[in-house]
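J.: Okay, here's the structure, questions in a sec.
The values are calculated or read from the model by the stated rules, or taken from the named source; none is laboratory data. Bear in mind that the values here come from a model prediction, so they are computed numbers and not experimental data. Quick reminder, even Gly has a Cβ in these numbers, built from the backbone with ideal geometry, and neighbours come from all protein chains shown. For the accessible areas, the whole protein counts, side chains as well, though only heavy atoms, and no ligand, DNA or RNA atoms are used. Shrake-Rupley method; radii C 1.70, N 1.55, O 1.52, S 1.80 Å.
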Amino acid sequence: MASTDRKLPELLAPCGSPEALEAAIEAGADAVYFGGTVFNARMNAKNFGRAEIKAAVARCHGAGVKAYATLNTQIYDREMKTALEHAAFLREAGIDALIITDPGLISLIREHLPDLELHASTQMTAHNLAAAETLYDLGFSRVVGARELSEANVHTLCTSRAEIELFVHGAICVSCSGQCLMSAMLGGRSGNRGECAQPCRMSYNGEYPLSMKDMCLASHIPALIEAGVASLKIEGRMKSPAYVYGVTKIYRRLLDERRAATEKELTELQRLFSRSGFTDGYFTENLGRHMLGVRSERDIADSRAVGYRGVKPTAAPAEETPTGRSPLPLPDKLPFPPKRKPAKAILTASFHGANQIPDSHGFTHVFLPLSAYESVADGVVLPPVIFDDRMDEVRRRLEQAAKRGAKHLMVSNIGHLALAKEFDLVPHGSHRLNTFNTFTGGFWSREAELAGLILSCELILPQIRDITLPEGVRKGAIVYGRLPLMLLERPIGKPALRDTRGVTFPVLKEEGRDLLLNSVPIYMADQPDRLDGAGIEDRHFLFTTESRGEVMRVIYAYAHKLPAKEKEPIKRIK
């Protein structure tokens with residue numbers, strides 16, 4: 001049982017519909033979160049229209065429950081004004097906080113809606129204290145931690161000045177939070193845009209090596225209280241009101257009694273929804289195949305057997321119903337920077353290992369992973385995820401790399417920015433920063449003083465063309481290479497995955513994690529005019545599985561603008 005000296009965390013329940021909202025309130029949630037019909041990471045949930053949002057906020061506040069709204073997808077330039085107007089509506093509706101992801105939209109909200117409380121979504125991949133502290137300085141009162149955190153790293157994260165919200169129950173991604181491109185690259189449905197098709201739930205190699213059991217930390221409630229977690233979050237905006245009611249009620253009881261779940265309560269949770277049981281593998285650092293599971297016929301039958309009478313939602317008020325805050329003026333037009341003439345294009349490259357790098361290559365900058373750094377490269381790629389228990393080791397290695405000649409640093413996360421300054425390295429923004437728009441480009445350029453920024457791999461060439469970065473910051477894109485579809489904390493244990501169509505996806509070990517790579521590389525050697533037209537100033541090559549000889553052939557093809565071989569599978573940027 002946890003000490004009674006510690007303040008109880010808030011219990012935060014998911015609401016994918018007005019019916020689920022009533023279930024959460026009835027079950028004893030301290031707060032709820034829900035999304036509107038635009039820009040939320042669960043676009044396939046029922047969600048809430050404008051009138052329903054006003055009714056939901058009024059219902060919550062009448063019951064003493066806080067209401068948080070999600071605006072947690074990446075935004076395109078053409079959508080940015082609509083997204084800002086939606087944030088303004090949510091503010092006027094009286095929401096208590098906005099859960100948000102896109103740094104460009106964050107910048108605009110801070111400027112035009114300064115009294116709107118902001119919570120950093122887990123999609124921002126905030127996995128260490130440096131990230132939480134930086135987000136706090138940027139105006140976030142709360143940070144939703146990555147789901148892959150161990151108990152020790154949760155304790156460290158909770159020393160932040162920002163409140164820490166943590167997922168404790170429900171579906172978890174096999175890829176590190178905010179670092180999955182698989183649905184977008186394979187089917188055009190972006191997880192970063194709330195449209196994930198869940199390719200991780202499909203069969204590979206005749207089994208299900210990517211399908212994770214749902215998380216359940218009900219056995220660790222005392223530890224979470226002692227760690228100082230501010231809010232315990234239940235996942236489930238796609239799930240039924242019966243699920244919301246049942247799970248919330250059990251966690252309410254556990255928190256009030258400051259204890260871990262009994263076997264009976266765990267069984268009850270499993271009946272509500274399960275994929276062959278639960279996992280706490282990330283929290284306990286017990287990674288393995290036991291974390292995998294699929295939804296069985298027994299699981300489905302158990303869920304259907306759960307009884308729940310439900311409560312009729314409160315009627316939605318008329319549009320003219322007074323709301324929580326007076327409107328603030330928004331600009332008629334957003335201040336997009338003027339287009340600038342692109343600088344002369346340069347070629348840069350990241351390699352998996354030094355043995356791939358030819359003696360003569362023509363790249364202005366060459367990057368190697370931190371764990372594989374050799375002085376043949378002038379740049380270092382930081383691990384995309386650096387938990388606090390590894391931060392001292394990363395600092396030591398980075399100091400050694402700087403002494404051996406590293407001058408440049410590829411940053412992939414907001415928690416990396418301080419490392420570039422600490423070791424006086426020139427920062428370059430990785431594609432993992434998920435830059436979808438001009439304002440996000442401006443955000444990263446200001447906060448990190450970047451020399452260059454590789455835009456999101458999900459953008460097509462016309463979208464890249466329309467993004468303008470500040471003067472002195474090179475606009476970059478990956479023009480060759482197998483894109484990393486998933487960054488995996490739990491090892492796959494296989495050199496490749498093959499889907500039911502026979503398509504093979506290589507698996508590469510890098511910085512202690514598995515990278516699941518796309519089956520085909522991007523290839524644009526024969527279309528330099530299109531790259532020029534999009535204003536791509538930093539043309540980045542991503543070498544992963546290629547031999548040294550294959551690297552040399554790729555370099556030759558780009559130098560001579562050669563089309564791909566007829567039988568060679570490729571993927572072109574549209």
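J.: Compare the Cα positions of Phe436, Ser547, Gly194 along the charge dipole of the chain (+1 at Cβ of Lys, Arg; -1 at Cβ of Asp, Glu; about the Cα centre) and return the one farthest towards the positive end.
T.: Ser547
J.: Which aspartates and glutamates have a Cα lying under 18 Å from the Cα of Lys239, excluding residues fewer than 8 positions away in the same chain?
T.: Straight-line reach from Lys239, under 18 Å: Glu19, Glu22, Glu26, Glu195, Asp214, Glu268, Glu297, Asp299, Asp302.
J.: Which number comes out as Rg/Rh for the stretch 375-447 once both Rg and the Kirkwood Rh are worked out on C-alpha atoms?
T.: My calculation puts Rg/Rh at 0.98.
J.: In the neighborhood of Ile106, defined by Cβ-to-Cβ distances under 13 Å, what is the net charge if each Lys or Arg adds +1 and each Asp or Glu adds -1?
T.: Working: positive: Arg110, Arg446; negative: Asp102, Glu111, Glu117, Asp137, Glu447.
Taking every other residue near Ile106 into account, the sum is -3.
J.: Which whole-number value in Å² is the accessible area per residue of the chain, probe 1.4 Å?
T.: For the chain, the solvent-accessible area averages 39 Å² per residue.
J.: Could you list log10 I(q)/I(0) for the stretch 314-458 at q = 0.12, 0.13 Å⁻¹, which the Debye formula gives when each Cα is one point scatterer?
T.: Log10 I(q)/I(0), no solvent term: -0.60, -0.67.
J.: Okay, moving on. If the chain between Ala343 and Ser547 were fully stretched, how many nm would it gain, using 0.36 nm times the residue separation less the Cα-Cα distance?
T.: Taking Ala343 through Ser547 to full extension adds about 70.3 nm, to one decimal.
J.: Can you run phi through the Karplus equation (6.51, -1.76, 1.60; θ = phi - 60°) for the stretch 510-525 and list ³J(HN,Hα) in whole Hz, with x for Gly and Pro?
T.: 8, 6, x, 10, 8, 10, 8, 9, 5, 6, 10, x, 5, 8, 9, 4
J.: State the percentage of accessible surface on the chain attributable to carbon and sulfur atoms; use a 1.4 Å probe and exclude ligands, DNA and RNA.
T.: Carbon and sulfur: 50 percent of the exposed surface of the chain.
J.: Per DSSP H run of at least 4 residues, take -39500 (n - 2.57); add these up for the chain, divide by its residues and hand me the 222 nm value, nearest 500 deg cm²/dmol.
T.: -8500 deg cm²/dmol
J.: Rounded to whole Å and ordered largest first, report the semi-axes of the equivalent ellipsoid of the stretch 34-112 derived from its Cα gyration tensor (root of 5λ).
T.: 21, 14, 10
J.: Have a look at the DSSP beta bridges in the stretch 396-553 and tell me what percent are antiparallel, nearest 5.
T.: The antiparallel fraction comes to roughly 50 percent.
J.: Packing-wise, with mean Cβ within 10 Å as the measure, how do 292-305, 265-278, 432-445 rank, highest first?
T.: Output ranking for 292-305, 265-278, 432-445: 432-445, 265-278, 292-305.
J.: Once R0 is set to 25 Å, what does the formula 1/(1 + (r/R0)^6) return for the Cβ-Cβ distance between Arg390 and Ser141, expressed as a FRET efficiency to the nearest 0.05?
T.: 0.40
J.: I would also like to ask the following. Give me D for the chain in µm² s⁻¹, whole number, from Stokes-Einstein with Rh from the Kirkwood sum over alpha-carbon pairs, 10 °C and 1.306 mPa s.
T.: 64 µm²/s
J.: Sticking with this structure for a sec: Lys7: which lysines have alpha carbons under 20 Å from its alpha carbon, excluding same-chain residues fewer than 8 sequence positions away?
T.: Within the straight-line cut-off, Lys7 pairs with Lys66, Lys233, Lys249.
J.: Moving on to the next point. Among all the lysines, which ones have a C-alpha under 26 Å from Lys565's C-alpha, if same-chain residues fewer than 8 places away are not counted?
T.: Reachable lysines: Lys574.
J.: Label-point separation (nm) for Lys565 and Arg78, each offset 7 Å from Cα along Cα-to-Cβ?
T.: Result: 3.9 nm between the two label points.
J.: Nearest-5 percent of antiparallel DSSP beta bridges in the chain?
T.: About 25 percent, rounded to the nearest 5.
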